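Here, each number is a calculation from the coordinates, and none is a lab measurement. Predicted model, so just to flag it, every value in this text is computed and none were measured. Cβ sites come from the backbone with ideal geometry, for glycine too, and all protein chains shown count toward neighbours.
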Amino acid sequence: MMPGTRDEGRGTSEPEAGSTRPSSPVPPPREVTFSNLDKVFWPDEKYTKGDLIEYYRSMAPWLLPYLKDRPVVLTRYPDGINGKSFYQKDAPGFVPDWIQTIPIWSEDTQRDINYFVCNDVESLVYLVNLGTIPLHIWMSRITDLTKPDWCLIDLDPKDAPFAHVITLAKTMRTLCEEVEMPAFIKTTGKSGLHIMLPLGRQLTYAQCLQLAILFSRLVTDQHPDIATTARTISKREGKVYVDAFQNRAGQLMVTPYSVRPSPGAPVSMPIEWDEVNGKLHNSNFTIANALKRMQKLGHDPVVKVLELKPKLMGVLERLNRLLGED
C-alpha cells in the first residue's frame, strides 16, 4: 500500500466527456526516446534499466489487461534500487501528448491530480523509462471510479512465518468455495499474498470494504493463533495481518507482473490455487523467469477477475449465515 492515498477520488463519479486529453484528428507518433539503458538498477544481479524496460515490454500482453483504463501511480528509482526513490501520482507537464492522463479531484491537496492511464505498450515503456520499477493501480476504472472490479484481501506476514500465510490463503479459498464466491490469488512480490474477489463493478468502495471485513473476520476467527485484523503493528503479536482496509477509493494495489525494487528483482505473480503450498515463495518469480513461466502456463490464472460478475446477494446471504453460526 502506498502512503497518502486514502482520500484520493472521494466523491468522484463517471468522468465527464472530454476529461481526458482530447484526441487529435491525426494521432501523433508514439516514439519513446530511451535513456541510460546500461545503468545498473540491481547491483547484485547486474540487471540494468534496459533489462527492466525489456521485461515490461515482453510482459505487456499479460500486464496491459490489468492496466487498461485505470489510474496508474509510479514509484521511480532513477538510480536503481539502492538509490533515492520518489512516488509520482501527478503526470508532469513534459509528458508527450499521446500519453493519456485523467484529472481526479484530491481531497488531500484540494486540486485535481492528473493520473497516468496506460493502455498500450508505448505508454508502458515510456513510464518505465522514467525509472519506474513498481506500478500501482486503482481497483476501479476511469469509466466509473466509484465501482471497483475486485475486493482485495491482503495477507501481510510482517514478521510471521510465510507458512502461516499459506494456511490462511487455503482457508480463504475454502471459505470462498463455501459461499460460492470466485477467488483468485497472486504473490505480492514482497512478503505476502493478495487474494482478489471479483465484483463485476456491482459495489461501491464502502460496500467492498464491508465485504472484505466479513471475509477477514471469518478467516481470523478460524485461526486466532496465527491471524489478526489488528491494524497497529505492535498489536499483531507476530501474527499474519488479514488486511481488508485496502478497499477504499484511491487505495492502490501493485499490478500483477509488476517488478519490486528488491534484491533478485522479484515480481508480483498470478498463481494457480494448487501452487499455494510449501514450495511457494515470493522470490520464486523474477524478471529472469516470469515470461518463460507464463509462456509455459499458457494462460493467466487471475485475469478473469476483471470481468466475472458473481451473484453477490447470494454470497452475502451465505456469509451472514456463517457469521451467525460463530
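A few remarks follow.
- Euclidean distance between Cα centres, the stretch 300-318 to the stretch 123-179, Å: 15
- Packing-based ranking of 160-173, 85-98 yields 160-173, 85-98, ordered from highest to lowest mean Cβ neighbour count within 10 Å.
- Adding -39500 (n - 2.57) for every DSSP H run of four residues or longer, then dividing by how many residues the chain holds, sets the calculated 222 nm ellipticity at -8500 deg cm²/dmol.
- Each of R201, R70 has some number of other Cβ atoms within 10 Å of its Cβ, and from fewest to most they run R201, R70.
- Here the Gaussian network model covers the chain, with springs between Cα atoms less than 10 Å apart; of P301, P65, P224, P224 fluctuates the most.
- Farthest positive-ward along the chain dipole, Cα basis, beta-carbon charges - from I53, G264, P157: G264
- Under 9 Å, Cβ to Cβ, from A265 - net charge with Lys/Arg +1 and Asp/Glu -1: -1
- The chain, dipole about Cα centre (Lys/Arg Cβ +1, Asp/Glu Cβ -1), debye to the nearest 20: 260
- Only Lys, Arg (+1) and Asp, Glu (-1) charged, at Cβ; the stretch 147-324 dipole about Cα centre in debye: 320
- Contact order normalised by residue count of the chain, Cα under 8 Å, 6+ apart, percent: 21
- When the Cα gyration tensor is reduced to axis lengths a ≥ b ≥ c, the ratio a/c stays below 1.5 for the stretch 159-289, which is therefore classed as rounded.
- Taking every alpha-carbon pair under 8 Å whose residues sit at least 6 apart, the stretch 209-297 reaches a relative contact order of 19 percent.
- Length gained when the stretch T33-Q222 is fully extended (0.36 nm per residue, less Cα-Cα span): 62.7 nm
- When each of R111, R318 is scored by the number of other beta-carbon atoms lying within 10 Å, the sequence from fewest to most is R111, R318.
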